[in-house]
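Notes to accompany the following structure.
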Amino acid sequence: MVIDPATLPTATAVDSDPRHTPEWRRALQASLPVGIGLIPLGIALGVLVVQQGLNPWWAMVFTSLIYAGSLEFVAVGMVAAMTPLPYIALTALLVNFRHVFYALSFPLDRVKGGLARFYSMFALTDEAYAMSVTGDRKSMSGRVIVYSQLYLHAYWIGGAILGATAAQWIPDNIVGLDFALTALFVVLSIEAIRAQSGYAVPAMAVTCALIARLADPDHMLPIAMGAFVSLLIVRYFLSRRKVSADA
């Protein structure tokens, strides 16, 4: 029997197959672009901690135990002002209420083990959610999801420690660090739009944001989110009715 060498698997072909790539490496490759955006934000948080008069080690406490992105920036000022805990808790609920909706479609069922599941719920951030439900990442295994969350958490903690350590050398009026969050979410939004089968949902989101901006700029976010969620609920029931009618 003659064997055609062209039909034999080469080392390159095997190495390029995602199934032969260690899960920790796949998670690192997936999380690195997002991590590049998280590090400047972490630096900004670390600088803010020091500027508010807190000890630099508070940066690690915030990023390790709270790990809630925008809430941490709010919490720094509240802690520095000795705000009562009930007010801090209420603020945390309002700022992070969107995570309730993340839980509806986050693939937690792929994560095995009680400890891994607990951490995955704790580390469910906007970035981790976007990574796990868009594009080819819908097929991410439970280990890849948890590894990705660990890497994102490490980027965030590392950036905050770096910012707190170097705060004395970073000017107060530095420009650009705060834009990293905007740029990061623009990229994540583009990936989410590409993963959609149509443009109805992105159009609904933009419309709600514009209407809320015109109606009440001071309360744009809750109005826009409330309107968007309402439209999604209506769209869901309409699609179910259509499926029932077709059946």
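The values are calculated or read from the model by the stated rules, or taken from the named source; none is laboratory data. All figures in this text were calculated on a predicted structure; none of them were measured in a lab. Cβ sites come from the backbone with ideal geometry, for glycine too, and all protein chains shown count toward neighbours.
Observations on the structure shown:
- Options 43, 39, 88; residue that is surrounded by 14 or more Cβ atoms within 10 Å (Cβ to Cβ), farther than 21 Å from residue 159 by Cβ and among the β-branched types (Val, Ile, Thr): 88
- Residue in segment 196-216 that is at pLDDT below 70, under 18 Å from residue 235 (Cα atoms) and either not aliphatic (A, V, I, L, M) or not in a helix (DSSP H, G or I) (or both) present: yes
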